[in-house]
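Enquirer: For reference, the structure I am asking about is given below.
The values are calculated or read from the model by the stated rules, or taken from the named source; none is laboratory data. Computed from a predicted model, the values in this text were never measured in an experiment. No Cβ is skipped: glycine too gets one built from the backbone with ideal geometry, and neighbour counts run over all protein chains shown. Heavy atoms of the whole protein, side chains included, go into the accessibility calculation; ligands, DNA and RNA do not. Shrake-Rupley method; radii C 1.70, N 1.55, O 1.52, S 1.80 Å.
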Amino acid sequence: MLGAAGAGLVRRLRAGTQVWLWGSGLHAGDWRPSAGRGPLGRRPSLPAAAIVNSAPRPLQPYLRLIRLDKPIGTWLLYLPCTWSIGLAAEPGCFPDWYMLSLLGTGAVLMPGAGCTINDMWDQDYDKKKVDSTANRPVAAGDISTFQSFVFLGGQLTLALRVLLCLNYYSIALGAASLLLVFTYPLMKRITYWPQLALG
């Protein structure tokens, strides 16, 4: 009885693993990325890009403007936050969910605001001089400069509300970081290593 149940479990796990591997672009057996299509005839896609593509059409340019389809900036900001909140938790206790959600919201808003500023300042540069950035929402004309400016104001207002929920020391540190948010997009004009300034 246990042998039949165990064999059924193994079959289900194997089938689930194959579906997961197909969905991630890998084949069971060789563990190499596949350029082919999955079992359902669709190309594997990142969940973040799928979220943006499934959003209402008027909202999609704004989600691409804050790079929600490529959320590496959000993760680079949020993961150290979660690590430090986890370290600050009492031994044996879960991290503070309120702080995790607060800093998670800030980790979406602040890199998004930096990307919005970058695209506003670089719209002509992105459109005419860099092939890989010509399809960004402001450069492609999906969002006007005024719309992106209003959107930036909304992002910064929400980020300020998040910041004001923290203690005074954190507010001072957050306000000081705004200088980096505004100057980072300008670094590409004076250096080939703008990420060095951000780091």
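Enquirer: Give me the pairs, please: first residue somewhere in segment 172-199 and in contact (Cβ under 8 Å) with a residue 40 or more places away in the chain, second residue anywhere and surrounded by fewer than 13 Cβ atoms within 10 Å (Cβ to Cβ), beta-carbon distance under 9 Å, and either six or more positions apart or on two chains.
Expert: That search, which allows pairs on different chains as well, returns 184/195.
Enquirer: Just one of 107, 50, 113, 139 is open to solvent by 30 Å² or more (accessible area, probe 1.4 Å), assigned to a helix (DSSP H, G or I) and aliphatic (A, V, I, L, M); which is it?
Expert: Every option except 50 fails the conditions.
Enquirer: For segment 41-65, give me the residue count where each residue is hydroxyl-bearing (Ser, Thr, Tyr) and at pLDDT 90 or above.
Expert: Matching residues across segment 41-65 total 1.
Enquirer: Could I ask something else about it? Quick check on residue 119: is it among the charged types (D, E, K, R) and assigned to a helix (DSSP H, G or I)?
Expert: Judged against the criteria, residue 119 is a match.
Enquirer: Next question. Take the residues of segment 154-199 that are among the aromatic types (Phe, Trp, Tyr) and not in a helix (DSSP H, G or I): which is most open to solvent (accessible area, probe 1.4 Å)?
Expert: Applying the filter and picking the extreme gives 192.
Enquirer: Here is a list: 31, 75, 20. Which entry is modelled with pLDDT of 90 or more and open to solvent by 90 Å² or more (accessible area, probe 1.4 Å)?
Expert: That would be 75, the only listed residue that is modelled with pLDDT of 90 or more and open to solvent by 90 Å² or more (accessible area, probe 1.4 Å).
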